[in-house]
Every structure is written in structure tokens, then in C-alpha cells.
1. Return the tail of the calculated pair distribution for the range 1-74, meaning the percent of Cα-Cα pairs more than 17 Å apart.
2. Taking 30 Å as R0, compute the FRET efficiency from the Cβ-Cβ separation of Lys3 and Arg279 and round it to 0.05.
3. Would you be so kind as to identify which of Ala364, Ser9, Ala333 lies farthest towards the positive end of the dipole of the chain, taking Lys and Arg as +1 and Asp and Glu as -1 on Cβ and the Cα centre as origin?
4. Using θ = phi - 60° and the Karplus curve 6.51 cos²θ - 1.76 cosθ + 1.60, what whole-Hz ³J(HN,Hα) does each residue of the range 238-246 get, with Gly and Pro shown as x?
5. Measure out, as a whole number of angstrom, how far apart the alpha-carbon centroids of the range 95-146 and the range 238-308 sit.
6. Starting from the Cα of Val374, move 7 Å in the Cα-to-Cβ direction to define the label point; list residues of the range 323-338 whose amide nitrogen is under 14 Å from there.
7. Which length gain, in nm to one decimal place, applies between Asp120 and Ala342 when the Cα-Cα distance is subtracted from 0.36 nm times their residue separation?
8. Binned at 10 Å from 0, what are the whole-percent values of the Cα-Cα distance distribution for the chain, short to long?
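Just so it is clear, none of the values below were taken in a lab; they were calculated from the coordinates. Here the structure is a predicted model, which is why all the values come from computation and not from measurement. Note that each Cβ is placed from the backbone with ideal geometry, even for glycine, and that neighbours are counted across all protein chains shown.
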Amino acid sequence: MHKLLFLQSDVADPFALYADQLRQDPVAWDPVNRIWAVYRHADCARLLQSGSAHIPALNPDSERQLGATARLVAGRLARLANPPSHALFRRALLRLFEQLQPVAMAGLVDRLIGAAPQLDWVEAVCARLPMLAVMKGFGFPEEDIACLLPCAARLTQVMLPNKSPQQVADVNSVIGAVYPVVERHLRHCAGWQVPDDDDTRAILNANLIGMLIQSVDAGRGLLANVLLQAMNQPCEPSRMTPAEWRAWVSETLRFDPPIHNTRRVLTEDMEIGGALLRRGDTALLVLAAANRDAAVFERPERFDPKRPNNDAHLGFGAGMHQCAARHYAEALAAETMSALFARYRVHLPAQDIAHAPLVNARLAQRIALELERV
């Protein structure tokens, strides 16, 4: 049996492992890590949509070491919350999305690329553009953007379930720097009235920080993977229409998603795929495997932006925790690709793409590009 938990940096082709599991053992028990791994689309969707499958709690030992502001943020994020508080936090998150204004990706692409004939696409654009777009969409002034953008990598550590002492210190430091900037901006944000009560303001502040956090790794991975598919599949990117780019992004999320798995803890016994999962058991939902389930997608190993149901992928989850940024993220990626190929002739030199040492996400660490302005 293959290792069910592995670092993406250690595996050349995880999809081959997922295909074997789908055929041989689609609901598998890992006795070493004491976790169930679930691979089929129907089983993953059922768990995502179940009120009895909760987001795992953060490690209380490391959370107790967080400062008061960091605890406030972690404790009010819709992404990490379960019922009954989740509904309240989710409403605040959706309210924030209603205020997020569209931003011209062409300008951000030009800003980040500059005049460089060669660059690392991941470092120069993928790791910065999504968070920059969110801040511009909320009208943050340039001095605040200059303060917040360098915090991106450290901000993502808020989401780690188990934090080392150094990571706890980093989270305390970065939240201490970011929270007052976000709080000040939301308090004076034009166009909407922020409630007066402290708790509601804290929920809004926390979930705007959550939007910045979520934009970093997921946005970075999506922009990297869409580019790789555009360069490696037979197509003419410079001739693609906005609608074609949206379909391309959707199929990339099915075929080569940045987020490969997520976890749930059961609050009651459930039978999944013939296996009995007990209350308290943890399930690893392998969404990247579910997205290539032949029971849902015809010829799943083929990249096909024209397939009629490519939006049935689970890359953004499902149920109450379905990513609120789904349509925003798809549009951002499509517009970024359209702007890039309209302005540049893009060459991808032969290279081995290394991936970050993460279990849940497959994120390219570097993609060298050569660019010629059109």
C-alpha cells in the first residue's frame, strides 16, 4: 500500500498514487497516522456537505501560546470555524466580499513584472498578485500595501494546526503588525458602515485578514498551475478569449489543483464507501483524487477545458465551508493569464519543477520564465 500521507515535494506524480487508490482502496485506513483517506468524488462530497464532519480544532497547546490579538483572529476565521459560530463568521466574510471592488489585472501584471526579460513567475507574480489584488480591491493606500505585502508568507502560519515555538512567535509578530492596519482601514473604509460593537468589528477584521491569508497559497498555486497548463498543453494562449480562459482555469482546478486534500473530524459515526468511520475519527479528503474520478469525469486523465462538467471539481470544497472566493479566484486567474499573454511572448525553458514540502498543497517553488514585450 502507498503512503497515504506524504510531502508533495517527495512525490513526482501524486496522481498515479491517487489513481491506484481509487481503483484498489478508495476509503483507506492509515494505522500509523490514525487517519482515514477518502478518494472518491461522491464520498468526499458527502463529507464536505455533512454537518457531522467538522474542521479539525487547532492544537490547544500552541494556540494558548498565541498573543491576545492572534487568538482573536484565529478564533473568528470562518475558514476554521464550526457550527454554531461558523454561520456568523461566514456572513461577515460574505459581507466583505460584497465590498471587494474589481481591479484591472493588466496593471498589476505590469507592476509586478516591470521590464524584466527573465523572472521567477512564482516569486514575482504568483506569491504577490492575489494578495495585492485583494488589498487594491478594498482600497488600501500604497503605504499600507507596502506594509502588508511582505507579511504574506508569515501570515499563512496562522492556519497551521500545530505551530512550533518559532511559528508561534512569527504569528504573534505578524498579526501584531497587520491587525492595526486592517482595523484602521476598515473603520474608515468609504462606502459602507462598519458596526459599532467591538465583536462585530473584530469578526470583520479577522476575516479580512483571513481573505489575505487564503489568497496567498491558494492564489499562488492557481496562477502557477494555470500558466504551466497553458505552456504545456496544445493551445495558442495569445488568441484565447476571456471565456476560454475561464474554462481553462476551471479545468486546471479539476486536473491540477493547488490544494490536494483537506481534513474533517466526525462528530458522529458515518458509513463512507462501505467503511464505518467512528465519531472522533479524522478523514483526509483527497480532493485531487476526487477530481479525477472516472465515475464523474469522462477520461479524467485528459486535460479538456471543453468538458461539460469541469466545474464539478471539488477544488473549492462544498457545503457550508465552500470557498467564498471561488468566482473571484477564477476570474482573477483568467484575467491575469489574458493580460500576460496579450502583453508578452512567454517562453518556458526546460526545467524540473520542485514543489514545496507540504502535505495538503502542491505548490511550485520556482518557475523560470523568459518574456518579450509584444
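1. Details: 1678 of 2701 pairs.
Everything past 17 Å amounts to 62 percent.
2. Details: r = 26 Å, r/R0 = 0.87.
The calculated FRET efficiency here is 0.70.
3. It is Ala333, whose Cα lies furthest towards the positive end.
4. Karplus values, whole Hz, x for Gly and Pro: 5, 9, 6, 7, x, 5, 5, 5, 4.
5. 28
6. Under 14 Å, as judged by backbone N against the label point of Val374, lie 335-338 of the range 323-338.
7. Details: separation 222, 0.36 × 222 = 79.92 nm, distance 1.90 nm.
Gain in length upon complete extension: 78.0 nm.
8. 5, 23, 33, 27, 12, 1
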